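Where a number appears in this text, it was derived from the coordinates with a stated rule and is not lab data. None of the values given here were measured: they were computed from a predicted structure. Please note: Cβ atoms are built from the backbone with ideal geometry, for glycine as well, and neighbour counts cover all protein chains shown.
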Amino acid sequence: VEAVIAELDGVADVRSSAGQGYPEIRIVFDRERLSAYGLDVRSVANVVRSKVQGSVVTDIREDQRSIDVELAVRDADVSTVEELRRLVVGVPRALSGAAESTSMLESMTAPGDVLGQGQVVLGAVADVGEESGPAEIRHVDGQRAAVLTATTSMIDIAGAGRRLEEALGSVSVEDGQA
């Protein structure tokens, strides 16, 4: 759509809010792998958030003041995607049971999925990677939307609107897009 608008006579400086944004880390959980370890998305996501962002675990009272005690991993320990993949997120439930459950689970795991003491790392239950996020996220009537802006020259707004409607009539959109 942006390219179609940019080709119109009298229209210049076309910009889209859906442009390439800042890099972000995306974690996509594998529900099957989680289930194999006896874990679930909610609990693992909460562990990741608590370890990376930190969470208040208690408070200390001192001279009529309350001081929060926050627990988090050091920034240096999760400063790369690879370090995030190695973040311990749980203990397989099967490892706390019978020996045959342990051997079955061990046969399903790849090297590095389960650390010593049966600790499961994030990379064993999720794809973790760096991607480019949107420049900004806007919503119109509760739906995610991209906003295009442009300047006009040597053409009135009504004329630009008519040209825009004609040009966009030839643009095909996928289901769910408008």
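Stretching Gln64 away from Ser17 to a fully extended chain increases their span by 12.0 nm, per 0.36 nm per residue minus the current alpha-carbon distance. Based on the Cβ-Cβ distance from Ala76 to Ser132, what FRET efficiency comes out when R0 is 30 Å, to the nearest 0.05? About 0.75, to the nearest 0.05.
Assuming R0 = 30 Å, what is the FRET efficiency of Glu24 and Glu174, from their Cβ-Cβ distance, to the nearest 0.05?
Once the sixth-power term is evaluated, E becomes 0.80.
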